[in-house]
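Reading through the C-alpha cells given below for one structure.
The values are calculated or read from the model by the stated rules, or taken from the named source; none is laboratory data. These figures come from a predicted structure and were not determined experimentally. Heads up, the Cβs are rebuilt from the backbone with ideal geometry, glycines too, and the neighbour counts pull from every protein chain shown.
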Amino acid sequence: MTAPEAAAARVAAVGAGRMGRGIAIAFAYAGHRVSLIDLRQRTDQAWDRLADEARGEIEASLSGLAALGMFAPALVPAIAARVELVRADAAPRALAAAELVFEGVPETLEAKREAFAVINAHCPEHAILTSTTSSILVTQIAQFVHRPERFLNIHWLNPAYVIPVVELSRHPGTDPAVLERAKTLMEEIGKLPVVCGPTPGYIVPRLQALVMNEAARMIEEGAATAEEIDKATRYGLGLRFAALGVVEFIDFGGADILHHASREMSASIDAARYQAPAILERMIGDGRLGLKSGGGFYDYAGRDVRAYRDDVLMRTLGMLRHAGLWRPPADSAAGSQPAP
C-alpha cells in the first residue's frame, strides 16, 4: 500500500487483536481503507510476528468466506490490501486521517484511558470516537474522551464481519447527530445498528447470558442432555425467534400468557429467576395484552392483523425450508411439491 493510499484511510481500529481484525475485515469488504493500529511499543521481531499473525488471520477469514461461495476467491487479495497495519510510532499519522475510530484494546479502564489519551491527541475534532468494549459502561469511558459528545460504544457480535447486528450504546451527552451518523456509517457497510442506553450487557449479551446459563443449569440438573437442548434451541427457540423478535413474540402470544408461564416456573423452578417484571402486571391491568387486544408493547391499531399473522407464518415457513425440516402432506403426489 502506498503512502497516499494509507493517508486516505478514514476508518481506524485501535487494537490489533481479534475484534480489531474483524472490524477491519468488515470495512475492507465494504470498500473502505482501514488502519489497524497497534499502540504497544514492540521490538521489530515482536512487531513482525504480530503483523504476520494479523495478516494471516485476515486473509484466512476472507478465504474462508470465499471458499463457502460468498464471493470470488480472486477478490481476497484486493480486500485484504485495504487493511493497513500500523505500528505504534505511525499511529499519529493514521489517527489524524480517521473520521471514525474504534477502540478495541484490552478490557480494563486503565488500558482504555491510555488508548484515548493517544486518540484524543491525534484525531481530528470532527472524528466520531467509539469503544468496542463488551463489559464497561459507555459512561465510564466517556470521561476519558476529549469532546465526549462525539463518543459512544459500538459493540460488535463475533464474528464482526459476519453478524449484521451492531449495538450502539449512547451516554447522556452523546450528540444525537453523532448517533445518527454512526448508524448511517454502519448501515453503509451492511450492518443493522440497534440503539440502547448506558446499560450493562447491551441487548444481545444480556439476553443470551440468561439463556446460556439456564441451558447449563438444565444439564447440571439432569433435565436434558446438551444434544437435546441444542436441538430444541436450534429448531424450536431459535427458529421462532428468527421469525419474530423477542418483544414481538410476547405480543404475538400475549402478555398474560407470559405472566402465567412465569408464575408457574417461578413456583416450580426458581422464584427470583422467573418472577415476571412489573411492566407485565401494568400491561395486563391496562388490558394491553398484545395482538389480541390491539395493543401491547406495540400498537396494532389500524393494522391488518390477518396479513400480519400470514407474514409471520411465511417467515417461519421460510426458516423451516432453510433448515430442511418442511415436509409435504403424506398424500402429496410425487413431483407436486412447491418450490423451496
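One table, with the values for the structure above:
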{"item": "Residue tally, condition buried (at least 17 other Cβ atoms within 10 Å of the Cβ) and either of a type in the set (D, E, K, R) or not assigned by TED's automatic domain parsing to the domain that holds Val101 (or both), over the range 34-54", "result": "1"}
{"item": "Options Asp286, Asp299: the member that is within 18 Å of Val247 (Cβ to Cβ), within 31 Å of the chain's Cα centre (by Cα), in the same structural domain as Val246 (by TED's automatic domain parsing) and acidic (Asp, Glu)", "result": "Asp299"}
{"item": "Any hit, the range 58-74, residues being assigned to a helix (DSSP H, G or I), in contact with a strand residue (DSSP E or B) (Cβ under 8 Å, 6 or more places away or on another chain) and either of a type outside the set (S, T, N, Q) or farther than 30 Å from Pro148 by Cβ (or both)", "result": "yes"}
{"item": "Matching residues, the range 85-130, being surrounded by fewer than 20 Cβ atoms within 10 Å (Cβ to Cβ), assigned to a helix (DSSP H, G or I) and not hydrophobic (A, V, I, L, M, F, W, C)", "result": "Asp89, Pro92, Arg93, Glu110, Arg113, Glu114, Asn120, His122"}
{"item": "Sole residue being farther than 24 Å from Ile58 by Cα and modelled with pLDDT of 95 or more, chosen from Arg87, Arg93, Arg113", "result": "Arg113"}
{"item": "Residue within the range 55-72 that is surrounded by 20 or more Cβ atoms within 10 Å (Cβ to Cβ) and more than 22 Å from the chain's Cα centre (by Cα) present", "result": "no"}
{"item": "Pairs with Cβ under 6 Å, 6+ apart, first in the range 28-48 and under 19 Å from Ala94 (Cα atoms) and in a helix (DSSP H, G or I), second of a type outside the set (Asp, Glu) and at pLDDT 95 or above", "result": "Ala28/Val34; Ala28/Ile79; Ala28/Arg82; Ala28/Val83; Trp47/Arg87"}
{"item": "Residue check, Asp256 touching a strand residue (DSSP E or B) at 6+ places or on another chain (Cβ under 6 Å), surrounded by 15 or more Cβ atoms within 10 Å (Cβ to Cβ) and assigned to a helix (DSSP H, G or I)", "result": "no"}
{"item": "Residues of the range 271-314 satisfying the condition of being among the small types (Gly, Ala, Ser), assigned to a helix (DSSP H, G or I) and surrounded by fewer than 14 Cβ atoms within 10 Å (Cβ to Cβ)", "result": "Ala271, Ala272, Ala278, Gly285, Ala307"}
{"item": "Of residues in the range 198-222 being small (Gly, Ala, Ser) and surrounded by 13 or more Cβ atoms within 10 Å (Cβ to Cβ), the one modelled with the lowest pLDDT", "result": "Gly201"}
{"item": "Helices (runs of 4 or more DSSP H) enclosed by the range 133-251 - at least 3 residues per element that are more than 30 Å from Leu313 (Cβ to Cβ) and touching a residue at least 60 places away in the same chain (Cβ under 8 Å)", "result": "176-188"}
{"item": "Long-range neighbours under 7 Å by Cβ, at least six apart or interchain, first residue closer than 19 Å to Glu248 by Cβ within the range 258-283, second among the basic types (Lys, Arg)", "result": "Ala276/Arg263"}
